[in-house]
Amino acid sequence: GAGKTVAAAEIAKRLYDLDKIDLVLCFSPSLTIADGIKNTFSWRLGCSFTGGLGSIGASFTYQSMKYLRDSFWETIKKHRVLV
């Protein structure tokens, strides 16, 4: 690729380090791309990127958005989120 994901991960890291954001969410068209994003962001941010406890973000497919629970959307309303 052209390095878009690495650039986005670098921007996210800088914003996180500057305490400008709390969480990062990525959405993409396929599981393959979502997994690649997860790996890149995990590597660049130096932490889990699974959306679980201790994670500062997650990577989803567009299709998965309709299956995210209301509690997910309520939680992210309370934080500064980079999407």
Can you confirm whether the range 59-69 contains a residue that is under 10 Å from the mean Cα position of the chain (by Cα) and modelled with pLDDT of 95 or more? yes
Within the range 28-73, considering residues that are closer than 14 Å to A12 by Cβ and among the aromatic types (F, W, Y), the one surrounded by the most Cβ atoms within 10 Å (Cβ to Cβ): F41
Taking the range 23-41 as the region of interest, how many residues are in contact with a strand residue (DSSP E or B) (Cβ under 7 Å, 6 or more places away or on another chain) and under 15 Å from S55 (Cα atoms)? 7
Of (1) touching a Lys or Arg at 6+ places or on another chain (Cβ under 8 Å); (2) within 19 Å of K78 (Cβ to Cβ); (3) hydroxyl-bearing (S, T, Y), S55 satisfies every one except (1)
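The values are calculated or read from the model by the stated rules, or taken from the named source; none is laboratory data. Note that the structure is a prediction, hence the values are computed from the model and not measured. For neighbour counting, all protein chains shown are included, and Cβ atoms are generated from backbone atoms with ideal geometry for every residue, glycine included.
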